[in-house]
Amino acid sequence: TQNISTALQKVKQNEAALERANFELKSVQATLEQRIENRTSQLQASIKMGQTISKILDPDELGTQFVQIFITLFDYDFASIYLLDETGKWAVLKYTNQESPISLQAGTLRLDLSQSNSITSTLRTQRAYITNDLSRSSEPFTTLQSSNIRSEITLPLQARGSLLGAINLQAYQP
């Protein structure tokens, strides 16, 4: 009877181990499915962006459409494109969907690259700046909207190895 008891105990242990392993596999499967879904959405967005942009010849229309596409496809509330001026010392707001006072409208807002904020840091380092919770960020951020912005990503804008400016995306949600 002791052998049967020992065997029964091992069966129960094996069953518990199999249940844990099965739970872990289901968790991994769900994570992989979500990653595939996200990646598919990103690829579809990239294709749509490329198709739309390739049809536009006017640079100003291209910039305006680019901002709108980013907001629509990547679910951000605000998007802005800053271009470096001819001296390379200033980032000039060129395109934005943000409603702003006349003094901050596209073409008039200039950021000195010696200042410290997400946009100028991205331009100086040529590296992306990403934060999911600006209330916890040590880096000052630049926004034309309210301080209710929760998340931000700033990406360097480059062509043929040259830094042209930065794309800044902001959202109310983290």
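Annotations
- Expressed as a whole percent, the accessible surface of the chain that belongs to carbon and sulfur atoms is 52, based on a 1.4 Å probe.
- Sequence-ordered 3J(HN,Hα) estimates for segment 77-85 from the Karplus curve with 6.51, -1.76 and 1.60 and θ = phi - 60° stand at 8, 9, 9, 9, 10, 10, 10, 5, 6 Hz, glycine and proline given as x.
- As an equivalent ellipsoid, the chain spans semi-axes of 49, 20, 14 angstrom, where each value is the square root of five times an eigenvalue of the C-alpha gyration tensor, largest first.
- Contour minus Cα-Cα distance for Glu24 and Leu155 (0.36 nm per residue): 43.6 nm
- Other-chain or far-sequence residues with amide H under 5 Å of Asp77's (modelled H): Gln170, Ala171, Tyr172
- Estimated inter-spin distance, Phe74 and Lys10, nm [label 7 Å along Cα→Cβ]: 5.7
- DSSP loop trypsin sites (Lys or Arg not before Pro) with at most 13 other Cβ within 10 Å excluded, longest remaining stretch of the chain: 1-54
The values are calculated or read from the model by the stated rules, or taken from the named source; none is laboratory data. Since this is a predicted model, take the numbers as computed values, not measurements. Using ideal geometry, Cβ is built from the backbone for each residue, glycine included, and neighbour counts are taken over all protein chains shown. SASA here: full protein model, heavy atoms, side chains in, ligands and nucleic acids out. Shrake-Rupley method; radii C 1.70, N 1.55, O 1.52, S 1.80 Å.
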